[in-house]
Amino acid sequence: MKRYTASAVVTVAVLMAAGCSSDSADKKPKADPTAAVLTAARSYQEAQNAEDWQAVCKLRSERLRFGTVETCVEDNTPGKPSPSPTDAQDAAPSPYDEPPRYADGSTPRPRATRTTGGPDRADLGPVEASDVVEVPAGTEHPAGYGVMVTYTVQWPGKPPTTSLRALRLIKESGAWAVDQTEDVSDADVAHGSAVLTALSGG
């Protein structure tokens, strides 16, 4: 019959405890990305609504911006009006430049054109981000996290409506970047997860 001394039992217990504590130290809990993902999604949509293309392109993944940030900004910035012709030949009026005339010699009134600012632009409300959910990889997008962003849209003289968008965010170069954006329809909302449903179709 084997006998164990008290000191031997204590030594074994200490070694086992040390081993367990070493294992638990190696298995650190995974950091919760919810707050960072929500912040990135909200910042992206706020920049999109403000037409701040520099900020928008910086928050997009390389795949979504189709190249560099500079190229993305250039592609989304409205073109500048062409300079006035300086060449006398180019400046000479052409018969085709004349406005159309009615039989009595009068010309039609010019049509009103939509501007990028002023009363023809909708008022957009504050952006809210919610409903963070893990989204699996698809044929065109890597796995990441989906977020619902909402904001109100009000055109002059019309009641406000609520815009719902689903964003897919992925980790790229150590930061969260938007890789997919989809409008959320009423049919998507009818499902268990509107974010997953909207992003699975794009």
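The values are calculated or read from the model by the stated rules, or taken from the named source; none is laboratory data. Please read all numbers here as calculations on a predicted model, not as lab measurements. As a convention, Cβ positions derive from the backbone with ideal geometry for all residues, glycine included, and neighbour counts pool all protein chains shown. Protein only, heavy atoms only, side chains kept; ligands, DNA and RNA dropped before computing areas. Shrake-Rupley method; radii C 1.70, N 1.55, O 1.52, S 1.80 Å.
Here are some notes:
- Condition check for Val195: open to solvent by 20 Å² or more (accessible area, probe 1.4 Å) and of a type in the set (A, V, I, L, M): no
- Those residues of the stretch 63-73 which are closer than 14 Å to Thr181 by Cα and out of contact with any helix residue (DSSP H, G or I) (no Cβ under 7 Å at 6 or more places or on another chain), in sequence order: Arg63, Leu64
- Screening Gly146 on (1) open to solvent by less than 20 Å² (accessible area, probe 1.4 Å); (2) farther than 24 Å from Lys58 by Cβ; (3) not hydrophobic (A, V, I, L, M, F, W, C) shows it passes everything except condition (2).
- Residues that are modelled with pLDDT under 85, assigned to a helix (DSSP H, G or I) and under 25 Å from Gly144 (Cα atoms) within the stretch 60-83 are absent altogether.
Conditions tested, residue by residue: (1) among the basic types (Lys, Arg); (2) out of contact with any Pro (no Cβ under 8 Å at 6 or more places or on another chain); (3) modelled with pLDDT of 55 or more; (4) at positive phi.
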{"site": "Ala92", "(1), (2), (3), (4)": "no, yes, no, no"}
{"site": "Ala112", "(1), (2), (3), (4)": "no, yes, no, no"}
{"site": "Ala143", "(1), (2), (3), (4)": "no, no, yes, no"}
{"site": "Ser173", "(1), (2), (3), (4)": "no, yes, yes, yes"}
{"site": "Thr181", "(1), (2), (3), (4)": "no, yes, yes, no"}
{"site": "His191", "(1), (2), (3), (4)": "no, yes, yes, no"}
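- Any chance Val133 is closer than 20 Å to Gln45 by Cα, modelled with pLDDT under 95 and of a type in the set (A, V, I, L, M, F, W, C): yes
- Residue within the stretch 167-185 that is open to solvent by 80 Å² or more (accessible area, probe 1.4 Å) and of a type in the set (Gly, Ala, Ser) present: yes
- Complete set of residues in the stretch 123-142 that are among the acidic types (Asp, Glu) and outside any loop (DSSP other than H, G, I, E, B): Asp123, Glu128, Asp131, Glu134
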